[in-house]
Amino acid sequence: MTYDTKWGTRTPVNPRKGFRIHLLVFLLATPAIWLTWYLTDRTYPWALWSTLAWGVGVLFHYLGVYVFQKNKNA
């Protein structure tokens, strides 16, 4: 897979690096979301929904990068 830059050149995209960035942002943002929930109204755990949804997104990203890889020779 390549990415077209604004200068007309093509840059290869590393899907594993993209997944690691996605995972890192998830791991850094999730505690901030829960801290916001803790410091505001704690009657309903709304942060659970965003954590679960984003976690499913990270899981599918992992599966797409590491489990269901496209054959590069084809």
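One table, with the values for the structure above:
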| item | result |
| --- | --- |
| Residue list for segment 52-61, restricted to those being of a type in the set (Phe, Trp, Tyr) and surrounded by 14 or more Cβ atoms within 10 Å (Cβ to Cβ) | 54 |
| Residue satisfying all of: in segment 12-51; over 26 Å from residue 64 (Cβ atoms) and of a type in the set (Phe, Trp, Tyr); surrounded by the most Cβ atoms within 10 Å (Cβ to Cβ) among these | 37 |
| Where a residue in segment 26-45 is under 22 Å from residue 60 (Cα atoms) and its partner, wherever it lies, is surrounded by 10 or more Cβ atoms within 10 Å (Cβ to Cβ) and of a type outside the set (Asp, Glu), with Cβ under 6 Å and at least six apart | 26/54; 26/58; 30/51; 33/47; 33/50 |
| Scan of segment 31-74 for residues that are under 26 Å from residue 17 (Cα atoms), hydrophobic (A, V, I, L, M, F, W, C) and part of a loop (DSSP other than H, G, I, E, B), ordered by number | 68, 74 |
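Since every read-out is calculated from the coordinates, none of them should be taken as a lab result. Quick caveat: nothing in here was measured; it's all calculated off a predicted structure. Every residue, glycine as well, gets a Cβ built from its backbone with ideal geometry; the counts of neighbours run over all protein chains shown.
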